[in-house]
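Visitor: Here it is, the structure in full.
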Number of protein chains: 2
Amino acid sequence: MDAIEELALQPCTSSLYLRPFRLTYRQNGAKKFWDFMRTHDSVSILIFNTSRQCFVVVKQFRPAVYMCEVERQHPQLFQNQDKESFSRLEDPLPAVVGVTYELCAGIVDKPHLSLEEIACEEILEECGYRVPVTNLKKITSYRSGVGVTGSRQTLFYAEVTDQMRTSEGGGQPEEGELIEVVEIPLEDSMKFAYDETFPKTMGVIFSFTWFQNNIAPKLPKK
Amino acid sequence: MDAIEELALQPCTSSLYLRPFRLTYRQNGAKKFWDFMRTHDSVSILIFNTSRQCFVVVKQFRPAVYMCEVERQHPQLFQNQDKESFSRLEDPLPAVVGVTYELCAGIVDKPHLSLEEIACEEILEECGYRVPVTNLKKITSYRSGVGVTGSRQTLFYAEVTDQMRTSEGGGQPEEGELIEVVEIPLEDSMKFAYDETFPKTMGVIFSFTWFQNNIAPKLPKK
């Protein structure tokens with residue numbers, strides 16, 4: 001388990017990662033505005049290892065998730081923040097409250113690469129499998145965070161074998177990524193999907209369900 | 001279709017809706033920071049009208065989604081923004097590119113109400129059905145926007161009948177909501193879920209699939 005220490009919180013007045021904008025407009029005659037954030041589209045991939053009949057997902061410490069739990073315990077923490085303040089978090093919660101299970105995923109920020117190529121790069125970087133682009137099957141696309149970002153997320157399915165694993169994965173430490181690769185056996189996957197004691201994204205739950213409906217019936221019988 | 005006019009974009013330096021924070025911390029010894037936003041937890045509800053065997057979803061213009069499409073067409077728009085600038089959008093895209101299909105949903109901002117009570121309020125406000133709290137079935141919960149907000153979203157299922165419809169719904173115009181209630185016939189629902197020409201959230205796709213697996217088999221045969 002990760003050691004998370006020396007936590008401190010401050011308001012963020014300028015960020016390379018969060019780019020807030022305000023759109024003013026008139027809707028059916030009524031003047032309105034909406035604050036939103038520009039972000040990148042993204043890809044995510046349901047990875048199924050056929051050698052060992054398991055899903056390959058990632059697990060990582062998510063500061064935003066962690067701070068949701070901190071606020072639940074200490075609602076006053078965010079209320080007294082002005083632009084100058086800087087609060088040390090004494091007696092922090094255990095890191096595990098901020099750890100989530102997610103599909104392998106990445107942002108679409110390389111205009112010269114296709115979505116499939118970006119997805120394959122992420123599978124290699126995060127999970128250590130070298131997958132040919134032709135192995136990817138698109139499941140569908142949808143809008144995420146429609147109130148705040150509205151970006152398009154495209155979901156792929158990839159089958160891998162143990163022979164395709166060429167590295168440990170784990171993300172790019174030079175970009176601060178610290179990702180644990182986790183295997184969920186197929187036979188436990190629906191129980192895992194609906195077990196709320198394992199915090200996870202809807203992408204995990206949905207894609208496991210999609211697999212049950214679309215891929216599992218065609219698997220060779222044991 | 002909504003008329004969307006007089007669009008203008010500006011950087012947003014202060015917002016009641018977007019509250020950016022920076023968390024600094026040490027993870028396994030390495031000093032890091034993460035910029036994130038505080039937001040509320042939320043509830044969403046898959047509504048099935050048993051009188052007419054259809055799902056009840058909402059449809060609305062989403063500025064964040066719209067601006068994703070604007071950027072796709074005019075990538076320079078966001079690049080030249082400094083704190084002072086204010087850009088009118090000449091020759092805007094049609095409003096329809098920003099309209100998404102979503103589950104009825106709402107934020108959890110009333111500490112004296114249960115999640116179920118908040119969900120029932122949203123069903124009434126947005127879709128016009130008066131549903132007893134005991135009609136709600138929790139499907140599951142998960143984390144949304146793990147990179148940016150990490151908030152917890154709880155998904156419910158509610159069956160309604162035509163007799164429960166007491167108003168038109170449509171949201172709270174005084175809060176700027178302009179929501180269209182849309183019925184998706186059960187027999188068309190899986191085709192709709194995977195038809196990417198109708199922009200939608202993953203919540204719609206997942207919950208329709210959940211219904212097929214968990215509720216449809218128990219429906220009385222026609």
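Visitor: Count, please, the residues in the stretch B:90-114 that happen to be without any contact (Cβ under 8 Å) to a residue 24 or more places away in the chain and open to solvent by less than 50 Å² (accessible area, probe 1.4 Å).
Guide: 2
Visitor: Here's a follow-up. Out of the stretch B:45-80, which residues are among the β-branched types (Val, Ile, Thr) and buried (at least 16 other Cβ atoms within 10 Å of the Cβ)?
Guide: If the condition is that a residue be among the β-branched types (Val, Ile, Thr) and buried (at least 16 other Cβ atoms within 10 Å of the Cβ), then B:Ile45, B:Ile47, B:Val56, B:Val57, B:Val58, B:Val65, B:Val70 are the ones that fit.
Visitor: Hey, another quick one. Answer with yes or no whether B:Tyr25 is at the interface with chain A (Cβ under 7 Å from one of its Cβ atoms), hydroxyl-bearing (Ser, Thr, Tyr) and surrounded by fewer than 17 Cβ atoms within 10 Å (Cβ to Cβ).
Guide: no
Quick grid of which residues meet (1) at pLDDT 90 or above; (2) open to solvent by 20 Å² or more (accessible area, probe 1.4 Å); (3) within 30 Å of A:Ala193 (Cβ to Cβ); (4) of a type outside the set (S, T, N, Q):
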| site | (1), (2), (3), (4) |
| --- | --- |
| A:Leu9 | yes, no, no, yes |
| A:Ser15 | no, yes, no, no |
| A:Leu18 | no, no, no, yes |
| A:Phe21 | yes, no, no, yes |
| A:Gly29 | no, yes, no, yes |
| A:Met37 | yes, no, yes, yes |
| A:Val43 | yes, no, yes, yes |
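Visitor: Please list, ordered by first then second residue, the pairs with beta carbon atoms under 7 Å, 6 or more apart or interchain, first in the stretch B:173-200 and away from every other protein chain (no Cβ under 14 Å), second charged (D, E, K, R) and open to solvent by less than 70 Å² (accessible area, probe 1.4 Å).
Guide: Qualifying pairs under 7 Å: B:Val182/B:Lys59.
Visitor: Can B:Ser189 be described as among the small types (Gly, Ala, Ser), open to solvent by 40 Å² or more (accessible area, probe 1.4 Å) and more than 15 Å from the chain's Cα centre (by Cα)?
Guide: Judged against the criteria, B:Ser189 is not a match.
Visitor: Turning to a different aspect of this structure: Just the residues that are closer than 18 Å to A:Leu18 by Cα and among the β-branched types (Val, Ile, Thr), please, taken from the stretch B:25-76.
Guide: Across the stretch B:25-76, the qualifying residues are B:Thr39, B:Val65.
Visitor: Which residue out of A:Glu117, A:Glu125 is surrounded by fewer than 16 Cβ atoms within 10 Å (Cβ to Cβ), of a type in the set (D, E, K, R) and either in a strand (DSSP E or B) or more than 13 Å from chain B (Cβ to nearest Cβ) (or both)?
Guide: Unique residue meeting the criteria: A:Glu117.
Visitor: So which of A:Gln212, A:Gln163 ends up being more than 30 Å from A:Tyr66 (Cβ to Cβ) and at the interface with chain B (Cβ under 8 Å from one of its Cβ atoms)?
Guide: Only one candidate qualifies: A:Gln212.
Visitor: When residues of the stretch A:170-222 are filtered for being part of a helix (DSSP H, G or I) and among the acidic types (Asp, Glu), how many remain?
Guide: Total satisfying the criteria: 4.
Visitor: Examine the stretch B:73-82 for a residue that is outside any strand (DSSP E or B), facing chain A (nearest Cβ under 9 Å) and in contact with a Gly (Cβ under 8 Å, 6 or more places away or on another chain), and state whether such a residue exists.
Guide: no
Visitor: So which pairs qualify, if the first residue must be in the stretch B:4-21 and within 7 Å of another protein chain (Cβ to nearest Cβ), the second must be acidic (Asp, Glu) and crowded, with 20+ Cβ neighbours inside 10 Å, the Cβ gap must be under 8 Å, and the two must be at least 6 apart or on different chains?
Guide: none
Visitor: Mind checking whether some residue in the stretch B:145-156 is charged (D, E, K, R) and crowded, with 19+ Cβ neighbours inside 10 Å?
Guide: Yes: the stretch B:145-156 contains one or more residues that are charged (D, E, K, R) and crowded, with 19+ Cβ neighbours inside 10 Å.
Visitor: For the stretch B:30-70: of the residues being over 25 Å from B:Gly150 (Cα atoms) and not in a strand (DSSP E or B), which is farthest from the other protein chains (Cβ to nearest Cβ)?
Guide: For the stretch B:30-70, the residue satisfying everything is B:Ser51.
Visitor: Residues being farther than 20 Å from B:Phe208 by Cβ and of a type in the set (A, V, I, L, M, F, W, C): count how many of those fall in the stretch A:165-217.
Guide: Of the residues in the stretch A:165-217, 8 are farther than 20 Å from B:Phe208 by Cβ and of a type in the set (A, V, I, L, M, F, W, C).
Visitor: Next up: Touching a residue at least 60 places away in the same chain (Cβ under 8 Å), out of contact with any helix residue (DSSP H, G or I) (no Cβ under 7 Å at 6 or more places or on another chain) and either closer than 24 Å to B:Ile179 by Cα or aliphatic (A, V, I, L, M) (or both), is that true of B:Ile123?
Guide: Answer is yes for this residue.
Visitor: Somewhere in the stretch B:136-159, is a residue touching a residue at least 24 places away in the same chain (Cβ under 8 Å), outside any loop (DSSP other than H, G, I, E, B) and more than 23 Å from A:Thr209 (Cβ to Cβ)?
Guide: no
The values are calculated or read from the model by the stated rules, or taken from the named source; none is laboratory data. Everything numeric in this text was worked out from a predicted model, so none of it was measured. Here Cβ is always computed from backbone atoms with ideal geometry, including for glycine, and neighbour counts include all displayed protein chains. Calculation scope for accessible area: heavy atoms of the full protein, side chains included, ligands and nucleic acids excluded. Shrake-Rupley method; radii C 1.70, N 1.55, O 1.52, S 1.80 Å.
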